[in-house]
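Colleague: This is the structure I want to talk about, given as structure tokens.
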Amino acid sequence: MVKTKSSSLCAKFPMSRLNLPSLLVFLVILKVSHSYMRVCYYTNWAQYRPNNGKYVPENLDPYLCSHLIFAFAKMNGNRLVAFEWNDESTDWMRGMYAKFNDIKLKNPTVKTLLAVGGWNMGSKPFTQMVKTPESRAEFTKSTIKFLRERNFDGLDLDWEYPANRGSPKEDKDRFTKLVIQLRSAFNQEAAMTGKPPLLLTAAVAAGKDKVDTGYDVATIAKHMDFINVMTYDLHGPWEKVTGHNSPLHSRREEMGPDTQLNIAWAAEYWYKLGLPKQKLNVGLALYGRSFTLSDPYNNGVGAPAKGKGNAGNYTREAGFLSYFEVCQKISEGAQKHYIPEQESPYITYADQWVGYDDADSLAVKVEYIKKQNYGGIMVWALDLDDFNLICNATTETYPLLRRINQQLGVVIPQTATVTRPPSGHSSGSNSGSHSTQNSNKPSGGKEFKCEVGGDGYYPSPYSCEEYYMCNDGHAHHFKCAAGLLFNSQFNYCGWPKDVVCDLDAARKKAKEALKKPESQQQIPQQPVQQNPPPVYKTPAENQNAFQFKPQKPQQPVQQTQQVQPQQVQQQPQTRRQPNTAPQPPQNNVRPPQQASQPNNAMGSAASNDPWNWSPFQQQQQNPVGLPFYWSFFRTDLSQDFCTGRANGLYPDPDNCQGFIDCVREISFKGLCSPGMAFDTARHMCDYIQNVPGCNDASPM
């Protein structure tokens, strides 16, 4: 018999010796000792989703989760490094790490962890890091410093997977050694500093083959605070027939290994291998996996499928839909079905099939988890629940997580609830405003409207510190970093001394420039001559990331047709992928459009249009007229630099002031700001005098 906290308390406080006040205290302690872990993952790429689907730390609810895990960090050598450009704080910007950890100001009991790894990172960086005791020691020591400096409470290891995906079989033992080494170091650091020990957790595979080859379950379980079993992506469009993403049980028709692809089997298997139930968190999916049916009229479970389902308007990944996207499909007429054996729903519409979870099916799974006495639940991921009332049928934010908490017996403070206004105003895919916190309106409630066809960057009519990006009729509100103003001439945030702030002109531009005449959108215009970008001088002093070097005017380029480039999107990441080889991402391509005459109210069309890369191509690597961060989104599809390379930043071999960001073997070329160069040791841009071997004579 396993000795639990409650049994220890009973021995310490015999019931016959307790008076009423003591009994009440005892019951409170007993309730706390039996509380379930509610682990929620936050993704740092959901910030790139459009409109109301954008998810940032300000969207976090402080009471829905007991543990919040920030996904993901990556590794540079044997050290943790931030993945996204805005994860870390800078002198001009408060980073996502800091904003994420601010949640503890609202709820001091919540714990925050940083996850390293993920499917896209793969095994290679982990394999290199665990190879020797010295490399593991460097990772361990630097990780403690990294976590403490950024106010995280622990580390979540998300190696997908040890001894798999190019990882040698020896990595099973090396992963175990890493876990032991981390736990020992975390405990020693806590003893020396008097701080609580850093938490050590892991996200692990649910499939039997990955578990058997990758984990010494009983050993790592002794040194982990808890382990999250990824019991989802058990079926998906990588298979030739439809199947539910995260079924509770198997179906009668399933045979052999297929009978193991369900929550009940996977959780029980981990327990049998030595993971104590109180440390086992069962993974729940707040999303669905979608298929395109071979025959729309044959749409049951196990029906033939010919590939991934259509991408959603917000998550923009084929074969994948968030819960709020599924919910919206239902409100638009999709037919809902139920799989009694697996206690899980799916929907069909046209030739699409989506297996997902709703509030009712999650409640059933939570009841099963409670009945089995598992430690708690883990959800992937916060940004996939209807956090922003996007679905017409949603009446309060986070409907899935609220139902999970309710089923676990957790009472959520009323102040944390956001409900739909009484008017029932929809915030679906064609709506841009509602009463939740993630609004595209500036402070003060004044609304900025974008007309379709008026894509580009615009100064705020209300504040010189703010600006808007219009995209397909939707307004995206941004604010410059503290101390900077929006430069509407060159579309970037700059020093006040370089910015002429004219709110009257901004209001006129907002009123006139965004309303394209209907005839202009429908009647093709004759080709126009593209003017060269404006030339201006950059002050020698106060060189900074928001300023560009002056450049000689270039000859006008005669264009017969303006062909829109590929629109590079931040690729969504998922918790676990199929066993088959991953496919490269498919970037959405904007269709070619006829060039239009410049709108005098807007100045040059190129000055606002973020999809017009003609000036960018003419200038090569000096994007005057585009935001300062535009180089992060430039893709050089003609080169294969990233083929065979792991995700991450690499120095540009042809330019010490440039870098290449590899994402799923696609090359994204970036350029440091004028006067700065790429530091290959720290994988970041720094002042050029701090980067050995680079000088201003380097090609720009």
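What follows draws every value from the coordinates through simple rules; no lab data is involved. What you see is a predicted model; the values in this text were computed from it and never measured. Cβ sites come from the backbone with ideal geometry, for glycine too, and all protein chains shown count toward neighbours.
Colleague: So how strong a dipole does the stretch 307-388 carry about its Cα centre when Lys and Arg Cβ are +1 and Asp and Glu Cβ are -1, to the nearest 20 debye?
Modeller: 140 debye
Colleague: Work out the FRET efficiency for K222 and K306 from their Cβ-Cβ distance, taking R0 = 35 Å, and round it to the nearest 0.05.
Modeller: The computed FRET efficiency comes out at 0.15.
Colleague: Can you give the FRET efficiency for W495 and A350, using 1/(1 + (r/R0)^6), R0 = 56 Å, r = Cβ-Cβ distance, to the nearest 0.05?
Modeller: E between W495 and A350, to the nearest 0.05, is 0.55.
Colleague: Arrange the peptides 287-299, 215-227 so that the one whose residues have, on average, the most other Cβ atoms within 10 Å appears first.
Modeller: The most tightly packed comes first, giving 287-299, 215-227.
Colleague: Run the paramagnetic zone check for S35: 7 angstrom along Cα to Cβ, then residues of the stretch 103-117 with backbone nitrogen under 18 Å.
Modeller: Residues passing the 18 Å test: 103-113.
Colleague: Excluding G307 itself, what net charge comes from residues whose Cβ is under 13 Å from its Cβ, given Lys and Arg +1 and Asp and Glu -1?
Modeller: That works out to +2.
Colleague: Here's another thing I want to ask about it. Compute the distance in nm between two label points, each set 7 Å from the Cα along the Cα-to-Cβ direction, one at R94 and one at M255.
Modeller: 6.1 nm
Colleague: Here's another thing I want to ask about it. Give me the net charge for the shell around G658: Cβ to Cβ below 9 angstrom, other residues only, Lys and Arg +1, Asp and Glu -1.
Modeller: -1
Colleague: Going down the list K172/K208; K141/K277; K222/K370; K277/K370, which pairs span over 20 Å between their C-alpha atoms?
Modeller: Among K172/K208; K141/K277; K222/K370; K277/K370, the Cα-Cα distance tops 20 Å for K141/K277; K222/K370.
Colleague: Pulled fully out, how much extra length does the chain show between N695 and N76, if you take 0.36 nm times their separation in residues and subtract their Cα-Cα distance?
Modeller: Full extension from N695 to N76 adds 220.4 nm.
Colleague: Okay, which of the stretch 638-659 sit inside 15 Å, backbone N to the point 7 Å along the Cα-Cβ direction of K124?
Modeller: 640-651
Colleague: How do 43-52, 354-363, 80-89 rank on mean C-beta neighbours within 10 Å, highest first?
Modeller: With the highest mean Cβ count within 10 Å placed first, the list reads 354-363, 43-52, 80-89.
Colleague: Related question: As an exercise, use a Förster radius of 22 Å and the Cβ-Cβ distance of K240 and Y297 to find the FRET efficiency, rounded to the nearest 0.05.
Modeller: The calculated FRET efficiency here is 0.80.
Colleague: Give the peptides 110-117, 68-75 in descending order of average Cβ contacts within 10 Å, highest first.
Modeller: Per-residue mean Cβ counts within 10 Å order the peptides as 68-75, 110-117.
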